[in-house]
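Down below is the structure, laid out as structure tokens.
Just so it is clear, none of the values below were taken in a lab; they were calculated from the coordinates. None of these values were measured; they are calculated from a predicted model. Here Cβ is always computed from backbone atoms with ideal geometry, including for glycine, and neighbour counts include all displayed protein chains.
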């Protein structure tokens, strides 16, 4: 490994020189302070960015992405290239342990009074590594069921998607939330098995069998929000495991399409704010966090993203129809029933990856 | 002595940008990748040198089956592209003259004015169950209900052939252009029919173009990512998608890098075999 | 000599052949027949339609009207690969993707000849064209003349009713061309096949052919033996195109039983004989052609004295070329230039520029053709 290290250094130096010359050339034009934000589609709507820029004089560069790409991008640069990122809370600690890509959050710079305290505390707990906190909550939502009530009113839980009645008319993702959801729906608790690899493997084996069995029912595995919305909107599929936000968007167009909490519980996720290890605009990042958590601004983000935020009291500013849809999906009992993702221990994702590969390869 | 030194210096200066480019952007990243592919993660941020990633490819049937499927479909797509592109190219090169020739040639280029993503979405709009073709079929009474033409291997094939057409037509038109009409006429005059003229004169003449077109199309198809992902069905696997998955979704750079090198080696082996079988040399076809 | 009407065994015959490209008439009512074993040439300037005729005979072009017969049978609807004629292309069109033997074997295999016969025939053909053992060679390894012979052998092994040759010597250098003329003639008698030969080079046509058709602007001007064309041209075009001539333009002053008297615009008067088909009358515009070798040149006036036409002038240039030496003489009265062949006796070996000479020729050597538009026509030297 010794000479490898030497060589790696050369490689990194050269690529570093190339990248930095590029960056100098690029940033020379922009004099003002810049916040490079790596986030999800809809989390930084143009209207919000404009208000922020006008108020703070900080320019915001938005890059849309997803959990895996965020981690991969930061891993490739050792935590450089962005000033603020928004991974899901369950994906932070394992990535930090594995790749060391984040910087701890200075909680004193966060206006914690703006946040729903239960969510803030939960996120802090889940993103703590070696006593340091790496994430604070922003947007939350669930993976639930979106169904066309005219044609698929019988679907109450994830496993109902495998009912032969709906053969070729359902869709879900081939991603880890689906594995977790099916496990719950089959009466198992995968989260409880997170720290018991053997047990988890056992659960995954059962889920794999179920998903292979169910494959003939699936029209296509959706891969992005647009594909999902197109499938449901065109009525090519009548039921889907979907993000609640996407489901509510469709309800606004076609009231027959509704989002319901499955009987085994919706899967709750929270997207956070985290600082990349080599962030260059830390102050600007805190300014942005405190800015978007204001109730009125947070409500604008809810309008754009389709999901609610951890901002205290922002519900009041959200359009009445949106709130109604939310309440229809989540009566108080359903909220209590949400299964929140705990942090993923390292190594599980590799196991899940192979399960998904085998499901995809199955005929 | 002085002048030759100056000439050599001049040559070095001329080549320098190219060499720096090659070294920094091609050779170094590849060496880095090779080193990554040769290590195995034993604990968080601890790695050991090993061939485990390469062994994984051969021991896990899923991976080499994905590669085999990708290779077979790429070869089929290449053959199909050749089959369609050959008459088109012959028509453009030999039957047309002047402006119409340029116009048809340009038509082959038109799909490349939009990005691959847009092109692929175009196919999705056409082929999906609630799409244009399905609706036309129902409207004309040729189909009773909606017809799904998306999400299967045939659709991938259509997409791949469509994307590859230009890269086959260009070398074919170039070589066929250089075929003298009198050779074809002599072929007929001496008693050959259309088929023998095609087999003994036109195809042997076009062979360098056929081979270079096939190599380019095969490599492009093998390395395609969007078309198989977007048009393919739920069972569709593509080797480049597997590499992407390893790098991005699984954070397994080691396996991804190993797959990358396997793709390079295996596809080179396939091209080499193809050249041997068609008794062509690379320099002849590319020169 | 009208071959088309002579209806005995023609290998190849064209009747009232016509070919239009849009409004352009490339071939205009051409009729001719090629007897068995003949070496028949079509001679004409480029663009005269001779290649079009050849391509129609080979089957690559459809005639607009008229008929083509091979061995007495119409081949109008027969595709090129079924016609018993073969073509040697201008640039030979040897197949570069095959070796010499494969090139020669190509047609035999298409005829369904069995393998051992094919190789026997190929070998004997290679021997006959003086390339034994060269079967494995690549086409590019052969010299121009060797390629020529392979291209011809490739056709002749098929024993065609006729071999069509489209200016195959055009691409060769002069020396090789001279050599190939003899070679071609030899091959024709060796294989005993009818040749139809297209050329714009009169010497190729005259040296090799039994019969030559002179073609101009889509029409045949005259068909005949080379001697016929040379000594008895029927039209001004033939007189000007075949061989070399001195030419004058003038008007007929007198017509009598022996010939006509013509005077040129410069006031020179000549005796000539009418040679075309048209009858000439007093006042007609005519062109007069006199071959350089018909002009007698003398140092003193007495020798030229016996001639019907007499001139004198000064040498302006001597073109020494061994047996084909010439002198260019400026005529005293009109200032016109004359091309005169020098006798091979060596009598004029000391001829110098500026020297005064006396010229003369017989009335019968001066051929007069009616010149309908009054303008000069065709090409003369």
* **Relative contact order (%) - chain C, alpha-carbon pairs under 8 angstrom, separation at least six** => 15 percent
* Could you run the Debye sum over the Cα atoms of the stretch C:244-370, one equal point scatterer each and no solvent, and tell me log10 of I(q)/I(0) at q = 0.17 Å⁻¹, two decimals? => -0.83
* To do: Describe numerically, in nm with one decimal, the distance between label points set 7 Å from Cα along Cα→Cβ at residue A:76 and at residue B:12.
  => 3.5 nm
* Antiparallel DSSP bridges in chain C: what percent, to the nearest 5? -> 75 percent
* Average partner coverage of C:89-98, which counts Cβ from other chains inside 10 Å -> 5
* Structure fact -> Exposure-ranked with fewest Cβ neighbours within 10 Å first, C:48, A:162 stand as A:162, C:48
* To do: Could you line up A:283, C:192 from fewest to most neighbouring Cβ atoms inside 10 Å?
  => C:192, A:283
* Asked: Using a basic spin-label model with each label point 7 Å from the Cα along Cα→Cβ, how many nm lie between residue A:209 and residue C:249?
  -> 10.9 nm
* Top mean-square fluctuation among A:42, A:306, A:353, Gaussian network model of chain A, C-alpha springs under 10 Å? -> A:353
* Which residues in the stretch C:29-51 have a backbone N closer than 19 Å to a point placed 7 Å from the Cα of residue C:64 along the Cα-to-Cβ line? -> C:29-32, C:47-51
* Quick one: if the Förster radius is 35 Å, what FRET efficiency do residue B:31 and residue A:252 give, using the C-beta to C-beta distance and rounding to 0.05? -> 0.05
* Is the shape of the stretch A:215-363 rounded, prolate or oblate, going by the alpha carbon gyration tensor and its root eigenvalues a ≥ b ≥ c, with a/c under 1.5 for rounded and a/b larger than b/c for prolate? -> oblate
* To do: For chain C, set up a Gaussian network in which alpha carbons nearer than 10 Å are linked by springs, and say which option among C:259, C:22, C:107 fluctuates the most.
  => C:22
* Calculate the mean, over all residues of peptide B:36-46, of how many other protein chain Cβ atoms lie within 10 angstrom of the residue's Cβ. => 2
* **Shape of chain B, Cα gyration tensor, a/c cut at 1.5** => oblate
* Can you give the calculated 222 nm mean residue ellipticity of chain B, where each DSSP H run of n ≥ 4 adds -39,500 (n - 2.57) and the sum is split over every residue, rounded to the nearest 500 deg cm²/dmol? -> -22000 deg cm²/dmol
* Quick one: check the C-alpha center-to-center distance for the stretch A:116-161 versus the stretch C:244-323, whole angstrom. => 116 Å
* Which order do the peptides A:64-71, B:232-239 take when ranked by the mean count of other beta-carbon atoms within 10 Å per residue, highest first? => B:232-239, A:64-71
* At what distance in angstrom do the alpha carbon centres of the stretch C:134-157 and the stretch B:82-106 lie from each other? -> 33 Å
* Within chain A, helix-based [θ] at 222 nm, where runs of 4 or more DSSP H residues each add -39,500 (n - 2.57), nearest 500 -> -14000 deg cm²/dmol
* To do: Using the number of other C-beta atoms within 10 angstrom as an exposure proxy, rank A:351, B:157 with the fewest first.
  => A:351, B:157
* To do: Stick to Cα atoms and the Kirkwood definition of Rh, then tell me Rg/Rh for the stretch C:3-236.
  => 0.97
* Asked: If the chain between residue C:128 and residue C:46 were fully stretched, how many nm would it gain, using 0.36 nm times the residue separation less the Cα-Cα distance?
  -> 26.2 nm
* Asked: Working out 0.36 nm times the residue gap between residue A:97 and residue A:304, then minus their Cα-Cα distance, what length gain in nm do you get to one decimal?
  -> 71.2 nm
* **Solution diffusion estimate, µm²/s, Stokes-Einstein, chain A, Kirkwood Rh from C-alpha pairs, 25 °C, viscosity 0.890 mPa s** => 113 µm²/s
* Structure fact -> Percent of all alpha-carbon pairs of the stretch A:36-125 at distances over 23 Å, whole number, is 32 percent
* Helical contribution to [θ] at 222 nm, DSSP H n ≥ 4, -39,500 (n - 2.57), averaged over chain C, rounded to 500 -> -6500 deg cm²/dmol
* Asked: Between A:294, A:327, A:96, which gets the highest mean-square fluctuation from a Gaussian network model of chain A, Cα cutoff 10 Å?
  -> A:327
* **Averaged over A:352-361, number of beta-carbon atoms from partner chains that fall within 10 Å** => 5
* To do: Please say if the stretch C:5-95 is rounded, prolate or oblate, where rounded means a/c under 1.5 for a ≥ b ≥ c the square roots of the C-alpha gyration tensor eigenvalues, and otherwise the choice is prolate for a/b larger than b/c and oblate otherwise?
  => rounded
* Given the convex hull over the Cα atoms of the stretch B:188-287, what projected area results after averaging over all orientations, in nm²? -> 9.2 nm²
* Evaluate 2.2 N^0.38 Å with N set to the residue count of the protein assembly as shown, then give the Cα radius of gyration divided by it. => 1.47
* Asked: How far apart, in nm, are the 7 Å Cα→Cβ label points at residue B:75 and residue C:277?
  -> 7.2 nm
* Asked: When only Cα pairs under 8 Å and 6 or more residues apart are kept, what is the percent relative contact order across the stretch B:71-202?
  -> 32 percent
* Determine, from the Cβ-Cβ distance of residue A:192 and residue B:112 and an R0 of 51 Å, the FRET efficiency 1/(1 + (r/R0)^6), rounded to the nearest 0.05. => 0.45
* Structure fact -> The Cα extents of the stretch B:17-72 along the principal axes, largest first and rounded to whole Å, are 44, 37, 15
* Structure fact -> For chain A, averaging the sequence separation of alpha carbon pairs under 8 Å that lie six or more residues apart and dividing by its residue count, the contact order in percent is 26 percent
* Percent antiparallel among DSSP beta bridges with both residues in the protein assembly as shown, to the nearest 5? -> 75 percent
